[in-house]
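*Asks:* Sharing a structure, written as structure tokens. Questions coming.
Nothing in this text is a laboratory measurement; each read-out follows from the coordinates by a stated rule. Since we're looking at a predicted model, the values are computed, not measured. Methodologically, a virtual Cβ is constructed for each residue, glycine included, from the backbone with ideal geometry; neighbour enumeration extends over all protein chains shown.
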Amino acid sequence: MEPIRCSVESWAQFGLSNRANVKLLLAGTEVLLCTGGDVLVFSSKNKRLSAVLQFDTPVTHLALSERRHIYAACEKDGIYCVSSPHQPRLPSPLAVEDQNPIIQRVAGESILLKDETIVSFLLAGDLIITVSQGEAMWTLSLYKVSEGSSSKASNLRKLAEHRVPAIKAAQPHHKSVEDEDGGATIGRPVLSCIYPSGGSSSPSELSGSPGCFLLEPALFTLLFGVDAALVGSPVVLCGLPDGRLCYLPLLVPGVSSSGQRTALRVLHSLEQPVAFIGTSVAMETGGRVPRSLVAIGRLGRVLLLTANDGGGEGKVARFSEFSIRGPVVCACVNGSHVYYSTATDLLSLKLNVTSSSDQPGQPESPSPTPVSLNVCRVIAMTTTSSDPTGGAVELLALSLQGRLQKIRLPQEVDVGSVPRLPASLAGQRVKDLLAGIGNVWERASALKSIVQNKNDSLRRLNQALNICSMMLSNQKVEDQARDHQQPISCRGVTSWSCVLQEDSLMLTCTLENSGAFALEHGWSLCVHVYPVSGSLTTGRANHSRTYTFPFQKLDSGHKLNVTLPLGTGHSLSLPLTVDCSLIFSLRSLGSLEEPKLSENTGSQSSSVPTQHSNCICLPLNHTSCRPAGRCPLDATTSLSSVSKQPSSPPDPVHAFLSSRRAERGDPADPGQRSTPYSATVKVSAELLRGVIGAPGAGGGGAGVHGVSVSALRWLLSGSAGSDRLEALQTPTVTGLCPTGYTARMTVKEVTLSDASVDGALSALEVQIDSFSVATVCGLHYAVIRRIQHLLTSSTRGQESRVQLREESLRQAMQRAETLHKALQAALVPTALGVSPNSSRTSHRLLSIYQQLRENPLLIL
Amino acid sequence: MDAYLLEKWTQANNSFVKEWKVTDGRIGGNHGVKEKCHKGTLKLLQKIQGVPAVIELIQLELAVAYNTLVFSLNLSSLSDVQQSLTYTLLRALEAVDCQTSSMDPIVLWCVTLKSFSNTSHLSCLHSLLCVQWALWLASCQMQSIRHLLRDVTQEEVTASSQDLRTVIQKLSLSEKENSNLLVAVTAREFKDLLPICTILLEGLENITQENYSAALVAFLQAASLPAPRTLLAQVHTLTGFAFAKLDQPQSALQSYRKAMEVDFGCHSALYQSALVYRQLKNTQAEIEALRLLHSALVQHTEEQTVNTRVMIISPDVLLSSKCKDSIMAVPSPQLILHSLACTCVLEDRILEAVELYLDLMSSLQSDITQPVCTEADVSLPRVPVVYLEAAFTLLRAKRMWDVITVCEEVITKTMNLIPERLVLDLSEEHLLFSMEGPSKSLKHERLEYVLWAAAAHYLQGLAYCKMKDTKESVANFTRSLNWLAKVSIKSTGTLVGDQGDCEVVKTLQRLRGLALAGRGVSFMERGQLKEALRDLKLSLQSITELQMIKFGLVEVYRRLGRQEEAIVCWRESQSSSEAVSSGNLPLYLQTFPEVSLCFDINYLKKAMEDTFQRRGVFT
């Protein structure tokens, strides 16, 4: 093996009076030396002796407390406690000049414990553990030190005492070794204190107190018992000269099983005097927690204790022993290396224990071989408190000649290896991990689904808002340009169909999505149907109905047809207004309620079209202010209902029954009337010309009635029976209402001579006759609406050049005023709270209505 | 020459005695100084005995011998005392030219006392006689004392009565003092102490023979004699003990009270009265007594070093009876804390118990204690057991996370040590448990590891169950069962399981049942009713007498909609009264209603009553 070069730096040389009791202690920048007689304090900073403490008898053991009190055991005397001589001196410049060390005579007053039998002691925190040699007993005593601010105030309280019988070891080698060393060190027990790592009682800084070591909990538990491990008790290990390693858990109360009262028990026997006890990392795992306990005998036997898997037996402590060349004069541990000196050479021993389970048949792992460091005659050493993980190791050593030297050796680079888990733990760990994974997965999947739901909701909400904004912006555009096509539009077509032998009017709404966005799940088409003038027919309930058609998806460019009944036969109250709207329900966003959102929409109800707190409503065809969208529907519906009849003659029985029912069911109706009700609408032909075209052009061979017929055709166009309109020759149409009444619509050409200043004004008069007031009203309304629509769409651009005569206007005004007065008079009883249902009032209102309708104003 | 020597030796003797007394008076009396004095006087005695015995020197020699022997007694080195004493007597006889062939101390004393009967040296001899008495007292040779004292009183052998006390009453020893010669302790002090100690020892012997009434008479007489405070307190305590043994607890309590009135430091009286209160089932008083004792002990250890004024001849040296030690012994503060805590748990004083357990645990982690020798049956349980008991108490106090933490500690420490498989052969075990030594302890210890780890998981499971974390609780109960499954019990069948060795097996069995029941209930809460039913049924096989499990079963049946079975089971649970046989079980495996189950029993009761009512209407 390649020899290791290490640099040796010699610091000072002292005379040694007794080579057996040499001790070396490092305390910060100061080195405490026990040269057999006195205690020397050497400053490593200035490289010079700073103080000498003189005792009456030779000092055999030395310790330094955290508060820098020096404890010294003197031969056949006891333990003294003195404060470090440097403390009272202030670092004045004068002190630096002063080259002479302080010589302090330690008086007998500073004796802490007078006991001549003490052979060794250990300072662990605030405890002093002493070993005294009795006649046939080793006595281990525990004392608690309470240090005062000065040395005098320190006092001692005895806590416990344990005894172990001594064995007179008669070993032939002893004498020779002893003689070589020339001292009586053989007789001194070695003490060390082991703390479980991670325990509460272990001091934070162990480097300052030699003889105190950390040990990993598993091995600790194995060696010293569950009880000691649970309470984190420090354990005092005492290596006796007869080779026994005794241990004493400090905190564990006496073991319960009677008979085993003594807490001090024997761990192992090296069968040769113990030279060193310590803990070492000693594993290929690069942890910093010491995982093995090392004991070295003076004759070179090394005991290594590690925790191993016992193959089904749980963990077991493995005791492995091997021998190195002795005698071991002194030793110390740094990381995984043990450095020991055999008076002639300083050697380094790497403790490397395989963590594999030791099967009975398997040969022992080869014992590590020591490497010579080529430094001779070291009799005491200590590791400097350098960082054990990186950098070189530094040892402070005292040679046989009394030379204090610093040995610096290169640290071999450790290959960082992954700490391995023992098999017994692995099973449990795997189970734990799996359980943990299961838990996390469960939580994660729940969270994921929530997130997904939310994303989905947000996406759909976004879509809905897009559609809303599109529609709203389009509405604005549409306000300016009339013929703008809505991106999403709804058209309605009515048709008659026979349901359960009853004719019913069906409305087919076609929702066309020509916008860029698809209408997704959550949207529904809402059709609101309500009669426009239901109040006229007092007997019937004025009921409006709303139909909602939710749909899954409507892609752009697709259409959706829905068909709904508007009413059958007599229950149909015409005309009807149909409002279509798109509704997006916020509830469909998911099961979760979104109170915030509904609040928001509630507060913004003025801008966002909402009806309810939890849905968005987009009107498609709507509003009274803009009748253009709805008008064709109303008109055609009304007219088609009339015009349908000629093509399909009604079932006589049905007609009969219907009429019978109608007679009975309509008490307000003055049953037998000789003359039918009639209403008239006058429109200037000029106005209609744009629609019906030039006379004769649309009519084909219509003859004198050309204009009238084409006007009638126009009125009836777009309804169910419009395909038969071509056959229409006379300007009169008779239809059968669903209620059973017939109605007749006649268009005449009239010439009004008094209306215009320019002379005669040609006009068209549409007369509606029927025995049913409701039918008359409905048809009249339909015609008016149709013309209104025509007016609004055509007024722009062309201005009426017709100059009206003032007189006729005034006349019309007067007539209107009288009618208005009459109406108000008729309404007085109603205003006074009298039932408006009285027949008198009805008659009066009816007559007013008739007057109104019979002398209509000319629509220009 | 003689006069000079006499003077010199007298001075030397006096100086040693002075030094001794100074040291003794000082706090914490220095052992080394005393040793020095002892050695000094011993050397002096050897010097004196180096010259031929003459009557002029005999007084000095006797005094020095007396001092030496007193020092020896004080330093508890009794080995050479008898020899030295005999030699001194022989020297004395030599001085008066009296020969005797016998070396028997009693004969020797008889001769010596006769020879010196009318001399002025009799008082010195009487002092020595006290040493002899004390020596025999310390080594419990009552018969020798009787003979000796009879010789002193010079009664006829015919009148020899067995009653030592009457002899002592008649005893008169001369008490002349020589002011020139200092003695370590005056003969009078010595003589005051000896009779009472003798009577006490007699009483103690009676106690070891379980003759309590005789012991009581002796103690009562001892109490009437003058004695130092501590000794008197001990006498009262012993009286109380005898009363207690004679089943007179109230009288015993009176005696203990007297003992404490005499010397409040007499902790054993307090402890013994606590024991009496426990016997009387006066828990309140017991707890109070134990609390007082604990605080007194804690204070005592702090003050111990401050005032220890020991007598030169302490009664403790003279009364080295094991029996007395065991009566006067007071358990360690930790043990008292534990017994207090246990009492509180069993008395449902949970909050108090929690505090006590926490105190105990912190004390275990920080206080270094000298093991105190007490009776074998009162000792602190193993640390893991204390932890588990603490966890159990915390569970009852509903501090669930604390329970989990404490149990985790136990688990991490024991887990590594459990083997994959532990075969327990009961027939073999029978031998094992009767055996002492390491072979027994390893297997037993491993069995305990299993028990502790499983119990810790069980308690964790309960804690999680209480917190409604049924997933964790199921996991923990399962772990507990897994640990238990590692122990396989091999029973040969021939074994009669009435011995204590089966107790471990019973405990494991019960733990298994409890863990199964816990898991069953957890499964039920999770809605896994099939598993719940299986576990509860298995649990019922392990523990037959526990009502809680049956309630659980009823609830599962109810949830499964199996009304008929629920009713049958309910009736069963109502008819069988709960047998409280959990006496020998560890505290942490006891069942309390609030610990065992998670669902509401009252609700179940109501539901079942409703069911019955409905049935009543229908049938």
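*Asks:* Can you tell me the FRET efficiency between A:Q824 and A:S678 if r is taken as the Cβ-Cβ distance and R0 is 22 Å, rounded to the nearest 0.05?
*Replies:* Here the calculated transfer efficiency is 0.35.
*Asks:* Which order do B:S539, B:S575 fall in if you start with the one that has the fewest other Cβ atoms within 10 Å?
*Replies:* With the sparsest Cβ surroundings first, the list reads B:S575, B:S539.
*Asks:* Which entries of A:K47/A:K76; A:K158/B:K18; A:K431/B:K468; B:K443/B:K466; B:K281/B:K606 have Cα-Cα distances beyond 25 Å here?
*Replies:* Pairs exceeding the cut-off: A:K47/A:K76; A:K158/B:K18; B:K443/B:K466; B:K281/B:K606.
*Asks:* Still on this structure, I have one more. Using a 10 Å cut-off around each Cβ, can you sort A:C777, A:C617 from fewest to most neighbouring Cβ atoms?
*Replies:* Result, fewest neighbours first: A:C617, A:C777.
*Asks:* On a 28 Å Cα-Cα criterion, which of the cross-link pairs A:K144/A:K315; A:K114/B:K43; A:K114/B:K324; A:K114/A:K406; B:K471/B:K537 come out too long? Show your work: numbers first, answer last.
*Replies:* Numbers: A:K144/A:K315 35 Å; A:K114/B:K43 23 Å; A:K114/B:K324 32 Å; A:K114/A:K406 36 Å; B:K471/B:K537 20 Å.
In this structure, A:K144/A:K315; A:K114/B:K324; A:K114/A:K406 exceed 28 Å between Cα atoms.
*Asks:* Full extension from B:E545 to B:I55: what is 0.36 nm times the residue separation minus their Cα-Cα distance, to one decimal in nm?
*Replies:* Result: 167.7 nm gained on full extension.
*Asks:* With r defined as the distance between the Cβ atoms of B:R229 and A:Q54 and R0 fixed at 56 Å, what FRET efficiency is calculated, to the nearest 0.05?
*Replies:* So the FRET efficiency works out to roughly 0.70.
*Asks:* Compute the length gained on full extension between A:R491 and A:S445: take 0.36 nm times their separation in residues and subtract their Cα-Cα distance, giving the result in nm to one decimal.
*Replies:* Net length gain for the segment: 11.9 nm.
*Asks:* Next question, about the same structure. May I ask you to sort A:D309, B:D469, B:D610 by Cβ crowding, counting other Cβ atoms within 10 Å and putting the fewest first? Numbers along the way, then the final one.
*Replies:* Working: A:D309 20, B:D469 17, B:D610 10.
Least crowded to most crowded, the residues run B:D610, B:D469, A:D309.
*Asks:* Also, quick follow-up: Is there a quick way to get the dipole size of the range B:247-294? I mean about its Cα centre, with the Cβ of Lys and Arg at +1 and of Asp and Glu at -1; what is the value in debye to the nearest 20? Display every interim value, and only then the final one.
*Replies:* Details: 5 positive and 5 negative charges, 19 e Å.
With only Lys, Arg, Asp and Glu charged at Cβ, the dipole is about 100 debye.
*Asks:* Right, something else. In nm, give the distance between the simple-model label positions of A:T510 and B:K47, each being 7 Å from the Cα along the Cα-to-Cβ direction.
*Replies:* Result for the modelled spin labels: 14.5 nm.
*Asks:* Related question: Among the lysines, select those whose C-alpha is under 22 Å from the C-alpha of A:K748, and discard any that sit fewer than 8 residues away in the same chain.
*Replies:* Straight-line reach from A:K748, under 22 Å: A:K644, A:K682.
*Asks:* If I model a spin label as a point 7 Å beyond the Cα along the Cα-Cβ vector, how far apart are those points for B:Y87 and B:S488 in nm?
*Replies:* So the two model labels end up 7.1 nm from each other.
*Asks:* Next question, about the same structure. Please find the FRET efficiency linking B:R559 to B:Q365, where r is the Cβ-Cβ separation and R0 is fixed at 35 Å, and quote it to the nearest 0.05. Intermediate results must be reported in sequence, preceding the final value.
*Replies:* On the way: r = 46 Å, r/R0 = 1.31.
Result of the calculation: an efficiency of 0.15.
*Asks:* Here's another thing I want to ask about it. I want to check the label-to-label distance for A:A518 and A:N374. Put each point 7 Å from Cα in the C-beta direction and report it in nm to one decimal.
*Replies:* So the label points at A:A518 and A:N374 sit 8.4 nm apart.
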